[in-house]
1. Mind checking the dipole of the range 30-124: about its Cα centre, +1 per Lys or Arg Cβ, -1 per Asp or Glu Cβ, Debye to the nearest 20?
2. Along the charge dipole of the range 235-280, which of Ala261, Phe248, Leu237 sits closest to the positive end, that is, farthest toward it, with unit charges on the beta carbon of Lys, Arg, Asp and Glu (+1, +1, -1, -1)?
3. Can you compute 3J(HN,Hα) from phi for each residue in the range 237-253, using the Karplus curve 6.51 cos²θ - 1.76 cosθ + 1.60 with θ = phi - 60°, rounded to whole Hz and x for Gly and Pro?
4. What distance in nm separates the two pseudo spin-label positions at Asp256 and Glu206, each 7 Å out from Cα along the beta-carbon direction?
5. Report the far tail of the P(r) of the range 30-124, meaning the percent of Cα-Cα pairs longer than 21 Å.
6. Please list, in order along the range 30-41, the HN-Hα scalar couplings obtained from phi with the Karplus expression 6.51 cos²θ - 1.76 cosθ + 1.60 (θ = phi - 60°), rounded to whole Hz, x for Gly and Pro.
7. Phe248 versus Ala162, label points 7 Å from Cα toward the beta carbon: distance in nm?
8. In straight Cα distance, which aspartates and glutamates are under 16 Å from Lys176, not counting same-chain residues fewer than 8 positions off?
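Any read-out appearing in this document is the output of simple, stated calculations on the displayed coordinates, not a laboratory observation. Quick caveat: nothing in here was measured; it's all calculated off a predicted structure. Cβ: placed from backbone, ideal geometry, glycine included. Neighbour counts: every protein chain shown.
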Amino acid sequence: MPRPPMTSLMQTPVSNSTSQSPLSPTTSGPADNLARLLGIMTRLRDPVNGCPWDVAQSFASIAPYTIEEAYEVADAIARGDMNDLRDELGDLLLQVVFHSRIAEDFGHFAFDDVAAAICDKLVRRHPHVFGDGSAGPGWEELKAQERKESASADGSALAGVALALPALLRAEKLQKRAARTGFDWPDTGGVTAKIEEEIAEVAAAETQEERHEEIGDLLFAVVNLARHLNVDAEVALRDANAKFERRFRAMEARSDQEGKAFPALSLDAQEELWQAVKRAE
């Protein structure tokens with residue numbers, strides 16, 4: 001995880017001074033390695049003998065790295081690189097341990113509480129596996145019941161859709177939640193008409209603020225169409241990005257092979273290369 005310049009905490013952590021050294025490398029099993037990782041993080045966060053950078057961090061300061069590590073896990077999976085996947089999963093695990101350690105320093109909860117909570121949740125959400133074997137409520141019904149019982153007391157159908165999700169993914173989740181209440185187009189015809197309406201509104205926008213708003217509405221409507229067609233908008237756009245990058249790099253390579261600088265080519269010449277690359281795929 002990259003380390004930016006040290007920043008001060010907005011709060012002063014509860015003193016947790018310890019002279020304990022990190023656990024030695026072990027091959028005994030995953031439980032021992034996890035205990036070693038927890039011990040290392042405890043030492044790093046020690047206000048007296050720890051690392052100044054680690055001590056200075058807060059939930060907010062490392063949250064961007066948590067998101068970054070999750071994306072790097074997804075990237076390793078997409079590339080099929082198991083060595084990288086192992087390393088990136090370790091980095092993501094470190095983020096869980098780091099947040100848990102900060103929470104424990106301030107008396108909120110500890111890593112054991114995090115692990116216990118997810119264990120309880122998995123058992124609770126799989127009554128057909130861990131219960132008496134009879135069919136229980138569906139996954140979404142169980143999650144909805146949990147939201148009702150949550151201390152947040154947010155009774156909206158949209159409660160719990162994380163603000164930090166990628167925008168396309170969050171749009172899809174909001175739309176799915178709304179659809180469960182009946183607020184949805186009955187077919188793709190209404191969605192397509194909405195997209196055409198939003199395109200017209202983008203064209204009619206006169207200020208940058210209006211263009212900003214209308215482009216957002218257009219993107220939201222396109223995600224809705226993808227949802228109705230059972231297409232994951234986030235994955236589809238990621239694949240489109242990869243396709244564009246592959247073709248653009250191929251254009252640059254062809255231009256280099258012809259002894260021409262790609263940026264110096266006319267737009268017509270670049271378009272010819274683009275079409276040639278598409279035909280070659």
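1. Magnitude of the dipole: close to 260 debye.
2. Checking the options against the dipole of the range 235-280, the answer is Leu237.
3. Once θ is set to phi - 60°, the couplings for the range 237-253 become 5, 4, 5, 5, 4, 5, 5, 4, 4, 4, 5, 5, 5, 5, 4, 4, 5 Hz.
4. My value for the distance between the label points is 5.0 nm.
5. On the way: 1810 of 4465 pairs.
Cα-Cα pairs of the range 30-124 separated by over 21 Å account for 41 percent.
6. x, 5, 5, 5, 5, 4, 5, 4, 5, x, 4, 5
7. It is 2.8 nm.
8. Straight-line reach from Lys176, under 16 Å: Glu140, Glu141, Asp184, Asp187, Asp232, Glu234.
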